[in-house]
Structure formats: C-alpha cells, structure tokens
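Shown next, in structure tokens, is the structure this report addresses.
The values are calculated or read from the model by the stated rules, or taken from the named source; none is laboratory data. Just so you know, these numbers come straight off a predicted model, no measurement behind them. Don't worry about glycine lacking a Cβ; one is built from the backbone with ideal geometry, like all the others, and counts go over all protein chains shown.
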Amino acid sequence: MADNRPIGVFDSGIGGLTVLREIIELLPGESTVYYGDNGRAPYGNKSHSTIIQYSLQDMRFLEEHNVKMIVIACNTASTHAYKTLAANSKVPVVEVVYPGATAAVKATRNGRIGIIATRATVSSGLYETAVRQKAQEMINLGINKEAMDNLSIIQQDCPLFVSLAEEGWWDDEIAVMTTERYLKPVKEFGVDTLVLACTHYPLLAGTISRFMGPDVTLINSGISVASVVRNKLIENNMMSDGSSVTREFYTSDDAAMFENVAAPFLGRGLPSGTQTVKVDRYDVSGCKEE
Ligand code: DGL
C-alpha cells in the first residue's frame, strides 16, 4: 500500500532548500514539509548541546505533521545531533554527511579534497572522519585506489557564507571577496574536489566555482542525499502513489523574507504559503542524548 505521508526536511534556515530541491527533482510524487529555523540561525557557531536541543525541537515540529521520514538537511545538525535524533525518532532519519563524503571520494582524481563547512562541523572532525572511512571502503573495494592512497584533506570553516546565503548575496562583490579570503589556502593546497559541507554553500556555488577554477569539482551533497531518501523509502515500503502532492513551508522568522530569498533558487512558484512558527515551546529535556 502507498504511504502518502510527507517527508519532513529541516535546516537552520534556507540552506536545506538545496537538499529539498533535489528531493523534489528526484521524487516529484512525494509530499514535503520544510522547516527553516532562520530565527535561531546560524547553528554553525552554537555549542554541541544547543545544536542538539534545536535539532530535536525542529524534529518534534515535523513529527506533528505526521511525516514518514526526517531529513536533517544541515551538516552542522547532522554532525552533532544525528545519533540523538535517530535514537529519539519513530521514523527513519537521513543525514547529509555520509552521502557528501561518498560523493567526494568517488569524484577525486588526485586525492586532494577540501572540506568547507561551518565552525561547528569542522571542529567536530566528523566530516573528515567520514571521508577517511569512505576512502578506506574504496581501497578495500579496489576503487579509485591511487587517489585514495594519496588522500590528503584540508578543512576550512567559512561562517560568513551562511549570512551571505541567508541575505541572498550569492554572487555580488562581497561574496567574491569573502570567497577569495576563505578559499585561497584551499586553492593553494591543490584540491581537485571541494565538498560544500554546509547546505547553505551551494547557493554560492557560482562564485565559489569561478574562484576555484574549472578543474575543481564541487560536491553538493543534495543530489546524493535525495538518492539515499529514495532508497530508504523503497527499503521501508514507504513510497507514495504520487496523488495529492503537497509542499508546506515553515520558518521561525519572517515568512515574506524567507520566500523572497528562497524563490529564485527553488523556482516552480515555491516556496509559497510559508507560515512563521517558533519551536522553542517543545520541551526536549527528557530526550536521551547519544
Ligand atoms: N546549513 C547548515 C549546515 O549545513 C548550517 C548553517 C548554519 O546555520 O550555520 O551546516
């Protein structure tokens, strides 16, 4: 029997829309509920426990919409809160780090990979661990072996990218200057693959790509995450029949502002009908932290 419940997707703001867009593209028959916690963004410079608390509240809100799956469309929340969310959820939870790491080790030819992310993601060290783990799996399978043997990783936090993305300043001169400042050492390191390990960063992909040059592959994990979502729906016998598809959007900040910034990226007349909802009211103190 078809499962027509929506998929719940959340992020600290508009960044998760880069994942939502790929989910809609790959699975147009699935309904979605999106929550952007713009009012409490950025998550990337919050403490571990605050990121967990916010993520649990985001998840509780989505659960009230009878979702069949939760997609953590945020690397910061994935690195800090995935285990806790998975342990406290009744439905499958999808994170974004491992799909991105997998795409990176498949793409690199020289083994030099750059990871750009929020401060909280970089300092957790989890993204680098995920890339190394995936590289080891490739070595074990004898895939892309030369590159994997030469694996060398550089990480760089780019906190201002989140503000630029939220502001809609994706390719103006301020974005260009900020990109040069953050990414000069990464370019000098000779990476051929750059992981956009924050879901806000694909919004600046044009500016980032122009600076890094045509030989550097940018990894936007959204595409890989969408296929993980599809596989999980199939595994769990949860595909919808494509009838009465709905798209709901919620933000914890100003709804018009959210729509104005997001519309040029999302297209298809979306987002529309966005409502402002705060999620501080959910008491998550009883949730067990993993
Ligand atoms: N989009 C989020 C991520 O992928 C977080 C950005 C932020 O709120 O700092 O990490």
Give me the pairs, please: first residue somewhere in segment 222-242 and touching a residue at least 24 places away in the same chain (Cβ under 8 Å), second residue anywhere and part of a helix (DSSP H, G or I) and of a type in the set (Phe, Trp, Tyr), beta-carbon distance under 9 Å, and either six or more positions apart or on two chains.
SER224/TYR98; VAL228/TYR98
Note on GLY15: of the conditions (1) within 16 Å of SER221 (Cβ to Cβ); (2) within 16 Å of the ligand (Cβ to nearest atom); (3) not in a loop (DSSP other than H, G, I, E, B), unmet is (3)
Residue identified as over 25 Å from TYR182 (Cβ atoms) and of a type in the set (A, V, I, L, M, F, W, C) among ALA87, ALA120:
ALA87
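A quick yes/no check of all residues on (1) within 28 Å of ILE52 (Cβ to Cβ); (2) of a type in the set (A, V, I, L, M); (3) under 21 Å from the mean Cα position of the chain (by Cα):
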position: THR129; (1), (2), (3): yes, no, yes
position: ILE153; (1), (2), (3): yes, yes, yes
position: TRP169; (1), (2), (3): no, no, yes
position: GLU180; (1), (2), (3): no, no, no
position: PHE189; (1), (2), (3): no, no, no
position: LEU204; (1), (2), (3): yes, yes, yes
position: GLY213; (1), (2), (3): no, no, no
position: SER224; (1), (2), (3): yes, no, yes
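If I go through segment 72-117 residue by residue, how many of them are part of a loop (DSSP other than H, G, I, E, B), farther than 25 Å from VAL277 by Cα and of a type in the set (Ser, Thr, Tyr)?
Applying the first criterion (part of a loop (DSSP other than H, G, I, E, B)) to segment 72-117 yields 73-74, 88-92, 95-96, 108-111.
Keeping just the survivors that are farther than 25 Å from VAL277 by Cα gives 108-111.
Filter once more, so that each one left must be of a type in the set (Ser, Thr, Tyr): 108.
Adding up the residues that qualify gives 1.
Just checking, does segment 264-286 include any residue being under 20 Å from PRO159 (Cβ atoms) and either of a type outside the set (Lys, Arg) or surrounded by fewer than 21 Cβ atoms within 10 Å (Cβ to Cβ) (or both)?
Of segment 264-286, the ones under 20 Å from PRO159 (Cβ atoms) are none.
The answer is no; no qualifying residue exists.
If you check ILE174, ILE153, which single one turns out to be of a type in the set (Val, Ile, Thr) and free of Cβ contacts under 8 Å to residues at least 12 places away in the same chain?
Details: ILE153 fails: free of Cβ contacts under 8 Å to residues at least 12 places away in the same chain.
Of ILE174, ILE153, the one residue that is of a type in the set (Val, Ile, Thr) and free of Cβ contacts under 8 Å to residues at least 12 places away in the same chain is ILE174.
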Hits in segment 155-173 (condition: of a type outside the set (D, E, K, R) and either within 24 Å of ASP253 (Cα to Cα) or surrounded by 23 or more Cβ atoms within 10 Å (Cβ to Cβ) (or both))
CYS158, PRO159, LEU160, PHE161, VAL162, SER163, LEU164, ALA165, GLY168, TRP169, TRP170
If you go through segment 241-290 one residue at a time, how many are farther than 25 Å from HIS48 by Cβ and charged (D, E, K, R)?
6
Restricted to segment 99-114, and to residues that are without any contact (Cβ under 8 Å) to a residue 60 or more places away in the chain and of a type outside the set (Lys, Arg), which residue is surrounded by the fewest Cβ atoms within 10 Å (Cβ to Cβ)?
GLY111
Mind checking which residues of segment 99-126 are under 13 Å from the mean Cα position of the chain (by Cα) and more than 14 Å from the ligand (Cβ to nearest atom)?
none
Take segment 37-71 and flag every residue that is outside any helix (DSSP H, G or I) and over 22 Å from ARG230 (Cα atoms).
ASP37, ALA41, PRO42, TYR43, GLY44, ASN45, LYS46, SER47, GLU64
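Name the strands (runs of 3 or more DSSP E) wholly within segment 186-262 that hold at least 1 residues that are more than 16 Å from the ligand (Cβ to nearest atom) and out of contact with any helix residue (DSSP H, G or I) (no Cβ under 6 Å at 6 or more places or on another chain)? Show your work before the answer.
Values: elements: 193-196, 217-219, 247-251.
By residue number, 247-251.
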Working carefully through the options GLU167, GLU146, find the one that is of a type outside the set (Ser, Thr, Tyr), modelled with pLDDT under 95 and out of contact with any helix residue (DSSP H, G or I) (no Cβ under 8 Å at 6 or more places or on another chain).
GLU146
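Using the structure shown, decide if HIS48 is over 16 Å from SER163 (Cα atoms), at pLDDT 95 or above and surrounded by fewer than 21 Cβ atoms within 10 Å (Cβ to Cβ). Even if it seems obvious, please write down each step before you answer.
Details: over 16 Å from SER163 (Cα atoms): yes; at pLDDT 95 or above: yes; surrounded by fewer than 21 Cβ atoms within 10 Å (Cβ to Cβ): yes.
Judged against the criteria, HIS48 is a match.
Of these, GLY29, GLY44, which one is small (Gly, Ala, Ser), within 16 Å of the ligand (Cβ to nearest atom) and over 17 Å from ALA86 (Cβ atoms)?
GLY44
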Test VAL94 against the criterion of being at pLDDT 95 or above, surrounded by 24 or more Cβ atoms within 10 Å (Cβ to Cβ) and away from the ligand (no atom under 14 Å from the Cβ), and give yes or no.
no
